[in-house]
Amino acid sequence: MESARREVTEGDAGVAEGMVLDEPEDDSDGSISLQEESVMPSQTLPKRKTQQQRQKALRVLQEHRNLKEKAARKRMLVTVERAKALGKQIDKAQTAKEREAALSKLEKLKAKSRGTAGMRIGRHRVPEPEVEVQLGDDLTETLTGIKVEGNLFKDRFLSMQNRALIEPRTPVFPTHRKHKVKEVEKFAWKRFA
């Protein structure tokens, strides 16, 4: 291989100076030419179709297209018929969903109007408001004479718990002491009588 290479000189046209070129080897056997011929596939031109063959191919192609079109039309008709039934099913499902949504919305409104009374939020339940009723002795003849009963602070506190503005709690009462408080009189207050 090295013997086949030669260095480019100034006399070679179209090649840069100093490049190394490979020179093709000459085989006098002619074996390369046989191999090249065997590698190349032979191309045969197809015969030309007659007018009758072309018309027959067009008819077959047209029949094939017509069959595909007919099958597509059948599928379309089936889907159109099914579409009506599916539309009815969808309408029923939507009305059922709308009914359920309306019921849940109504329940939420009722719960909201009731507030959170009786519900458990956190550790404790929100206390239900006590209904205050005046007895026959306490009633006045006119509405202007009615006196408000109850504790305003307690009512506000329960209302805020009911509206979930503050967390529900139970009242914490002081525990009893273990030791009794010993009362001692100071010297200034002693009675020396």
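Condition check ((1) of a type in the set (A, V, I, L, M); (2) surrounded by 10 or more Cβ atoms within 10 Å (Cβ to Cβ); (3) in contact with a His (Cβ under 7 Å, 6 or more places away or on another chain); (4) modelled with pLDDT of 80 or more) across all residues:
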residue	(1), (2), (3), (4)
PHE157	no, yes, no, yes
PRO168	no, yes, yes, yes
ARG177	no, no, no, no
ALA188	yes, no, no, no
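What are the residues in the stretch 65-85 that are open to solvent by less than 100 Å² (accessible area, probe 1.4 Å) and not aliphatic (A, V, I, L, M), if any?
ASN66, THR79, listed by residue number.
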Exercise. Can you find a residue in the stretch 88-108 that is in a helix (DSSP H, G or I), among the charged types (D, E, K, R) and either touching a residue at least 60 places away in the same chain (Cβ under 8 Å) or open to solvent by less than 100 Å² (accessible area, probe 1.4 Å) (or both)?
Worked result: yes
Exercise. Within the stretch 130-149, which residues are in contact (Cβ under 8 Å) with a residue 12 or more places away in the chain and surrounded by fewer than 10 Cβ atoms within 10 Å (Cβ to Cβ)?
Worked result: GLU132, GLU149
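The values are calculated or read from the model by the stated rules, or taken from the named source; none is laboratory data. Note that the structure is a prediction, hence the values are computed from the model and not measured. Don't worry about glycine lacking a Cβ; one is built from the backbone with ideal geometry, like all the others, and counts go over all protein chains shown. Each accessible area value is taken on the protein alone, full model and side chains, heavy atoms only, with ligands, DNA and RNA left out. Shrake-Rupley method; radii C 1.70, N 1.55, O 1.52, S 1.80 Å.
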